[in-house]
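J.: Structure below; questions to follow.
The values are calculated or read from the model by the stated rules, or taken from the named source; none is laboratory data. The shown structure was predicted, so the numbers you read here are calculated from the model rather than taken from an experiment. Heads up, the Cβs are rebuilt from the backbone with ideal geometry, glycines too, and the neighbour counts pull from every protein chain shown. Only protein heavy atoms, including side chains, enter the accessible area calculation; ligands, DNA and RNA are left aside. Shrake-Rupley method; radii C 1.70, N 1.55, O 1.52, S 1.80 Å.
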Amino acid sequence: MRLNIVVCIKQVPHPEHFHEIKLDPESQTINRRGIPAILNPPDKHALEEALQLKERYGGTITAVSMGPPEASQIMEEAYALGVDRSILLCDPLFAGADTLATARALAIGIQRLGEVDLILCGTHSMDGATGQVGPQLAEILGFPFIGFVRKMEIQERGTVLAERTIERGYLKVEGSLPLVLSVTKEINTPRLPTVIGIMEATQKEIYTWDTKELGIDPALVGIEGSPTRVSGIFERRLSRKGELLQGDPEEVIRKAIKRLRELEALR
Amino acid sequence: MDFNLTREQEMLRNMVREFAEKDLAPKALELDNKGEFPADVIKKMCELGLGGTLGKKEYGGSAMGHLASILSVEEISRVYPPAGFCLEGIHSAIALIQNAGTEEQKKNLLPRLIKGEKIPCVGVTEATGGSDPSVMQTVARPEGDEFVIDGRKVWITLAPVADIICFLATVDGKATAFYVEDGTPGFEKGHRADQVGLKSVPIGEFAFTGCRIPRSNMIGKEGGGLPAALTVFSTVARPNVAAIALGVAEGAYEVALKYCKERKLYGAPIANLQAIQFSLADMSTEIEAARWLCYYGVWKADQGKSVREVAVDTARAKVFATEVAIKTCVRATQLMGGYGLSPEYEVIRRLQDALELFPAAGTSEIMRVTIGRSITR
Amino acid sequence: MSSKNEIWIWAEQRQERIEPSSIELIEKGKELAELLSSSLAAVYIGGSGERIEELFEYGVPKVYLLHHPELVLYQGGPYSILFSRLVAKYQPQVILMSTTYLGLELAPRVAALTGAGLTAHCVDLFVERHKDGHILVQVVPGWGGNLMVKIVCPERRPQMATVKAGIFEKPQRRPGASGEVVSNPVRLDELDWRVKAIELIEEEEDRSLEEADVIVCGGWGVKGAGVMDDLQKLAETLKGAVAGTRPLVDAGLIAENQMIGISGKTVNPRLFISLGASGASHFTTGFLKSKVIFSIDQNPNAQIFEVSDLGIVGDLKKVLPVLVDELERYMQSRG
């Protein structure tokens with residue numbers, strides 16, 4: 001049973017550098033220049049799951065991303081890990097997209113790929129952190145969706161049996177292909193690319209499609225196609241400074257407990 | 001002049017950095033405390049292809065080249081220098097066999113070494129001195145289609161765990177390269193050295209007593225041992241050790257820098273104090289100088305320059321980088337005050353590791369001899 | 001009052017019991033309803049709806065009820081379609097769901113089906129004037145919590161938001177209160193069953209941080225001073241939950257699901273005690289809404305004190321044991 005798998009990936013600023021992202025209060029825009037970018041860590045679990053499924057069942061893996069030209073780096077990394085095709089949906093008209101507009105662009109790109117059995121996504125991206133693109137992509141494509149999958153199995157008759165995480169447990173879920181899944185980090189340990197994988201990756205072509213090539217109506221994507229807009233950004237000031245005690249532990253603790261009672265913190 | 005790494009080299013560096021930070025960093029203190037050979041780590045490194053950056057593709061390598069191979073050693077050593085040191089031993093043996101060996105030897109040995117299925121070592125140093133190979137006392141006496149080996153080697157990296165032991169022995173007074181497989185009668189592994197640093201790298205001795213090996217175990221020409229060994233030292237072993245030193249210095253510097261940015265005295269981080277900044281500035285400058293010396297020598301090797309040309313630059317890289325590593329680690333421990341002397345905070349262990357790098361692949365004095373002779377010729 | 005332009009919340013249920021995180025949406029929902037000259041309603045999809053009075057007791061005036069035995073477990077396709085059909089029929093102007101594992105799936109699916117704008121992980125919601133009416137403003141933390149982003153849906157309706165669990169207060173409960181039930185029929189054959197949930201399996205979890213009244217949270221300093229035992233004793237004494245920052249997870253002293261902060265949990269207990277954590281913003285953002293924040297650290301300039309109602313500067317090794325002793329005595333004296 002060969003599986004044609006699509007994995008949605010995204011390039012995000014390196015989380016360790018988030019605090020360097022500065023706000024220009026005048027233009028109300030954020031400056032991301034010079035911040036190193038990486039392959040979104042949750043997406044690595046989706047790629048790994050696809051690679052394991054391909055190793056088991058055969059088939060093809062296509063990595064798809066909507067991003068700026070710099071995102072070609074992660075498309076290359078996807079090749080280094082072993083995907084068969086890397087496709088970057090790239091066009092200035094995609095900029096400013098919220099999750100719905102992003103899902104639309106991805107859907108149109110994926111529809112060009114022919115028969116797809118399984119679409120895998122990470123649970124969220126480290127920058128936007130909404131986790132909305134996967135489920136919205138499924139609805140737009142008309143595919144069923146299973147979210148937060150921590151374990152999955154393809155059964156003989158071509159159905160998926162999954163453990164769908166919920167608080168304090170999971171739901172046992174069964175679904176028929178084709179479908180869209182978001183996978184959690186519990187599902188696997190992502191592999192690193194090997195040296196040979198890296199050597200071969202730079203020789204492979206990254207397919208770059210813009211709105212013309214995809215035949216998309218610009219009104220459906222980018223900022224125009226986004227129902228939500230950013231209306232403002234502000235820096236957060238922390239302020240709650242209360243009393244600071246110092247000195248002999250016994251004395252200090254006694255004062256502290258008295259204060260906690262006053263604040264109604266102790267019952 | 002393009003100082004940029006190629007995209008492949010960049011991706012390699014990122015991959016090794018991620019491996020080092022995810023797989024090595026959490027275990028580093030524990031591995032050092034145990035002092036055991038990290039066989040799992042070495043196996044994982046080889047599975048990722050880090051053992052085969054110099055190996056040709058037909059033997060399972062990637063032939064990425066010398067710069068790629070030291071980038072991986074540098075990144076590993078930033079986090080866990082003993083693994084970098086083991087990688088150096090593997091690179092050197094693979095280079096020796098690939099440069100000088102017969103096709104049959106290469107086919108037989110290289111794939112297994114590159115995959116990490118067998119561990120190699122290269123033994124030159126003897127009790128009478130490593131810096132002076134002319135007084136080598138290990139002898140290989142030809143007898144029909146065999147050689148009979150007698151002698152002893154000391155301070156050999158990886159010897160206690162090696163499966164394939166490459167070594168030099170004299171045939172008619174001329175040093176010749178051979179290999180022996182562990183378990184061969186007459187070959188015995190001896191005492192494992194007790195080290196102050198690089199604790200989990202097994203370093204030890206081995207001895208031959210009437211050990212018989214087939215003629216086909218000779219690597220290269222009879223009497224061709226020294227040139228073969230010198231090529232490996234100049235193009236692989238020294239630059240690898242220099243890269244380890246660079247990684248050690250970088251690791252110690254990064255820990256100290258982070259500490260100085262967080263540690264507050266007089267109401268502000270000590271990194272704001274000029275005296276501290278001067279110290280950090282010097283460390284940073286020396287590390288960058290070491291870096292470019294390291295990269296330059298192996299870049300020349302990748303460009304196909306002669307061994308003699310490459311040898312001077314790798315000698316410079318080795319002597320400079322190892323001395324920078326010591327200085328950087330000492331400064332780092334001083335910047336961190338009490339924490340600098342606690343093993344949990346790393347820098348003191350880095351200093352111990354750096355000290356072990358002095359005699360490796362040739363002492364600083366020998367490096368200066370190499371450089372001095374070349375410039376005054 | 002007309003059913004159009006209501007403020008809706010999704011009353012998530014598990015085995016017909018309403019999830020506390022959904023109850024947290026009620027106060028805010030009512031506040032928004034008032035500001036938007038509208039009223040609040042809850043949407044309940046479940047097996048029987050036998051316990052929806054709980055919603056009335058917490059102050060919800062109206063419940064849209066969809067029930068069928070096949071819907072007792074969350075079924076993604078059917079729930080999304082049923083919810084979206086309700087939206088088309090009754091045209092709410094705002095829909096709030098909680099950031100539970102299920103809410104984070106249902107909200108985007110309904111948004112896609114209805115073309116609504118959806119903002120995730122809101123930490124605040126308020127109303128602003130817009131054109132000749134009002135608009136909902138959704139506030140989310142961005143980029144590690146240092147920046148706050150305001151998001152609006154200028155055109156599309158409804159305006160949807162998932163609200164971070166643990167942010168808002170649970171309202172007072174008034175037993176015996178009642179409300180309006182609007183039942184809508186469920187026809188199974190009209191629903192999408194390509195994916196079906198077969199079984200709910202519950203698993204042991206440590207005292208849930210989101211529901212704890214008291215949380216004792218350790219940072220790097222706890223690891224360094226080796227006082228994890230004292231920390232646990234303190235939690236026991238106050239009948240609270242144990243939590244920590246990333247260094248404690250890495251050191252194996254707490255589990256990943258006990259981590260607080262931007263990449264961990266957000267909590268708002270009555271009392272949050274921080275021990276040996278310097279107070280970087282990616283950590284503090286996880287507990288800023290706690291009623292009372294009490295911190296102990298050896299560094300008088302630690303950022304944590306800027307967000308604490310009460311702080312002690314001292315060596316954890318010396319201070320903690322005394323704190324535990326005194327609190328034990330205090331708790332005993334209260335009986």
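J.: Which of the helices (runs of 4 or more DSSP H) found entirely inside region B:289-377 contain at least 2 residues meeting this: farther than 21 Å from residue B:228 by Cα and open to solvent by less than 10 Å² (accessible area, probe 1.4 Å)?
T.: By residue number, B:307-335, B:347-356.
J.: Return a yes/no flag: does region C:199-210 have any residue that is open to solvent by less than 60 Å² (accessible area, probe 1.4 Å) and part of a helix (DSSP H, G or I).
T.: For region C:199-210, residues open to solvent by less than 60 Å² (accessible area, probe 1.4 Å) and part of a helix (DSSP H, G or I): present.
J.: Suppose we keep only residues that are small (Gly, Ala, Ser) and in contact with a helix residue (DSSP H, G or I) (Cβ under 9 Å, 6 or more places away or on another chain) within region B:131-158. Which one would you say is nearest to residue B:190 (Cα to Cα)?
T.: Across region B:131-158, the extreme among qualifying residues is B:131.
J.: Pull up region B:61-83, narrow it to residues that are facing another protein chain (nearest Cβ under 9 Å) and touching a residue at least 40 places away in the same chain (Cβ under 8 Å), then point me to the one that is surrounded by the fewest Cβ atoms within 10 Å (Cβ to Cβ).
T.: So, considering only residues that are facing another protein chain (nearest Cβ under 9 Å) and touching a residue at least 40 places away in the same chain (Cβ under 8 Å), the one surrounded by the fewest Cβ atoms within 10 Å (Cβ to Cβ) is B:61.
J.: Quick one: would you say residue C:155 is open to solvent by 30 Å² or more (accessible area, probe 1.4 Å), within 30 Å of residue A:229 (Cα to Cα) and in contact with an Asp or Glu (Cβ under 8 Å, 6 or more places away or on another chain)?
T.: Spelling it out, it is not the case that residue C:155 is open to solvent by 30 Å² or more (accessible area, probe 1.4 Å), within 30 Å of residue A:229 (Cα to Cα) and in contact with an Asp or Glu (Cβ under 8 Å, 6 or more places away or on another chain).
J.: Filter region A:222-242 down to residues that are open to solvent by less than 40 Å² (accessible area, probe 1.4 Å) and in contact with a helix residue (DSSP H, G or I) (Cβ under 7 Å, 6 or more places away or on another chain) and give me whichever is nearest to the other protein chains (Cβ to nearest Cβ).
T.: Filtering first and then ranking leaves A:227.
J.: Just checking, how many residues over region C:279-298 are open to solvent by 50 Å² or more (accessible area, probe 1.4 Å) and either under 19 Å from residue A:243 (Cβ atoms) or within 10 Å of chain A (Cβ to nearest Cβ) (or both)?
T.: Summing the residues that are open to solvent by 50 Å² or more (accessible area, probe 1.4 Å) and either under 19 Å from residue A:243 (Cβ atoms) or within 10 Å of chain A (Cβ to nearest Cβ) (or both) in region C:279-298 gives 3.
J.: Residue pairs, Cβ under 7 Å, 6 or more apart or interchain, first in region C:253-272 and at positive phi, second not in a loop (DSSP other than H, G, I, E, B). List them.
T.: If the second residue must be not in a loop (DSSP other than H, G, I, E, B), the pairs left are C:261/C:282; C:261/C:283.
J.: Residue A:42 passes all but one of (1) in contact with a strand residue (DSSP E or B) (Cβ under 9 Å, 6 or more places away or on another chain); (2) under 25 Å from residue A:142 (Cβ atoms); (3) more than 14 Å from chain C (Cβ to nearest Cβ); which number fails?
T.: (3)
J.: Given the conditions (1) β-branched (Val, Ile, Thr); (2) within 21 Å of residue A:136 (Cβ to Cβ); (3) part of a loop (DSSP other than H, G, I, E, B), which single one is not true for residue A:189?
T.: (2)
J.: Please go through region A:107-153 and give me each residue that is touching a residue at least 60 places away in the same chain (Cβ under 8 Å), in a helix (DSSP H, G or I) and open to solvent by 30 Å² or more (accessible area, probe 1.4 Å), ordered by number.
T.: Correct list: A:108, A:133.
Listed here are the residues, each with its yes/no results for (1) hydrophobic (A, V, I, L, M, F, W, C); (2) open to solvent by 10 Å² or more (accessible area, probe 1.4 Å); (3) assigned to a loop (DSSP other than H, G, I, E, B); (4) closer than 22 Å to residue A:158 by Cα.
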residue: A:5; (1), (2), (3), (4): yes, no, no, yes
residue: A:19; (1), (2), (3), (4): no, yes, no, no
residue: A:26; (1), (2), (3), (4): no, yes, yes, no
residue: A:75; (1), (2), (3), (4): yes, no, no, no
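J.: Hey, another quick one. Quick check on region C:5-25. Is at least one of its residues within 14 Å of chain A (Cβ to nearest Cβ), of a type in the set (S, T, N, Q) and over 21 Å from residue C:177 (Cα atoms)?
T.: So far as region C:5-25 goes, yes, one or more of its residues are within 14 Å of chain A (Cβ to nearest Cβ), of a type in the set (S, T, N, Q) and over 21 Å from residue C:177 (Cα atoms).
J.: OK, next. Kindly provide the set of residues from region A:145-163 that are facing chain C (nearest Cβ under 8 Å) and out of contact with any Phe, Trp or Tyr (no Cβ under 9 Å at 6 or more places or on another chain), ordered by number.
T.: Once the filter is applied, which keeps residues that are facing chain C (nearest Cβ under 8 Å) and out of contact with any Phe, Trp or Tyr (no Cβ under 9 Å at 6 or more places or on another chain), region A:145-163 yields A:145, A:146.
J.: With C:147, C:125, C:102 as the choices, which residue is among the aliphatic types (A, V, I, L, M) and over 20 Å from residue A:230 (Cα atoms)?
T.: Exactly one residue qualifies, and that residue is C:102.
J.: Among what's in region C:178-197 and is within 14 Å of another protein chain (Cβ to nearest Cβ) and in a loop (DSSP other than H, G, I, E, B), pick the residue that is nearest to residue C:57 (Cα to Cα).
T.: C:191
J.: Scan region B:355-368 for residues that are within 22 Å of residue B:123 (Cα to Cα) and over 12 Å from the mean Cα position of the chain (by Cα) and report the count.
T.: 6
J.: Sticking with this structure for a sec: Quick check on residue B:2: is it open to solvent by less than 20 Å² (accessible area, probe 1.4 Å) and away from chain A (no Cβ under 14 Å)?
T.: For residue B:2, the condition - open to solvent by less than 20 Å² (accessible area, probe 1.4 Å) and away from chain A (no Cβ under 14 Å) - is not met.
J.: When the residues of region C:231-278 are narrowed to those that are within 21 Å of residue C:168 (Cα to Cα) and among the charged types (D, E, K, R), which ends up surrounded by the most Cβ atoms within 10 Å (Cβ to Cβ)?
T.: Here the answer is C:265.
J.: Let me ask something else about it. Here is a check on your reading of the model: is residue A:219 more than 14 Å from chain B (Cβ to nearest Cβ), in a helix (DSSP H, G or I), open to solvent by less than 70 Å² (accessible area, probe 1.4 Å) and not β-branched (Val, Ile, Thr)?
T.: So residue A:219 fits the description; yes.
J.: Restricting attention to region A:94-106, and to residues there that are open to solvent by 20 Å² or more (accessible area, probe 1.4 Å) and of a type in the set (A, V, I, L, M), which single residue is farthest from the other protein chains (Cβ to nearest Cβ)?
T.: Among residues in region A:94-106 that are open to solvent by 20 Å² or more (accessible area, probe 1.4 Å) and of a type in the set (A, V, I, L, M), the one farthest from the other protein chains (Cβ to nearest Cβ) is A:95.
J.: Please give the number of the condition residue B:324 fails out of (1) touching a helix residue (DSSP H, G or I) at 6+ places or on another chain (Cβ under 6 Å); (2) farther than 26 Å from residue B:4 by Cβ.
T.: (2)
J.: Now, a different point. Can you give me the number of residues within region B:151-178 that are assigned to a loop (DSSP other than H, G, I, E, B), open to solvent by 10 Å² or more (accessible area, probe 1.4 Å) and either closer than 16 Å to residue B:220 by Cβ or in contact (Cβ under 8 Å) with a residue 24 or more places away in the chain (or both)?
T.: Summing the residues that are assigned to a loop (DSSP other than H, G, I, E, B), open to solvent by 10 Å² or more (accessible area, probe 1.4 Å) and either closer than 16 Å to residue B:220 by Cβ or in contact (Cβ under 8 Å) with a residue 24 or more places away in the chain (or both) in region B:151-178 gives 2.
J.: Of (1) open to solvent by 40 Å² or more (accessible area, probe 1.4 Å); (2) in a strand (DSSP E or B), residue A:64 satisfies all except one. Which?
T.: (1)
J.: Examine region A:164-179 for a residue that is open to solvent by 20 Å² or more (accessible area, probe 1.4 Å), within 14 Å of chain B (Cβ to nearest Cβ) and touching a Pro at 6+ places or on another chain (Cβ under 9 Å), and state whether such a residue exists.
T.: no
J.: To continue, here is another question. For region C:321-335, how many residues meet the condition of being more than 7 Å from chain A (Cβ to nearest Cβ), part of a helix (DSSP H, G or I) and either modelled with pLDDT under 90 or touching a Pro at 6+ places or on another chain (Cβ under 8 Å) (or both)?
T.: Counting residues in region C:321-335 that are more than 7 Å from chain A (Cβ to nearest Cβ), part of a helix (DSSP H, G or I) and either modelled with pLDDT under 90 or touching a Pro at 6+ places or on another chain (Cβ under 8 Å) (or both) gives 5.
J.: I've got another one for you. Would you be able to say whether some residue in region A:198-212 is within 14 Å of chain B (Cβ to nearest Cβ), more than 25 Å from the chain's Cα centre (by Cα) and of a type in the set (A, V, I, L, M, F, W, C)?
T.: Checked against the condition, which is being within 14 Å of chain B (Cβ to nearest Cβ), more than 25 Å from the chain's Cα centre (by Cα) and of a type in the set (A, V, I, L, M, F, W, C), region A:198-212 yields at least one hit.
J.: I've got another one for you. Just to verify a result, which residue in region A:243-253, among those that are within 7 Å of chain C (Cβ to nearest Cβ) and either closer than 17 Å to residue C:317 by Cα or in a helix (DSSP H, G or I) (or both), is most open to solvent (accessible area, probe 1.4 Å)?
T.: A:246
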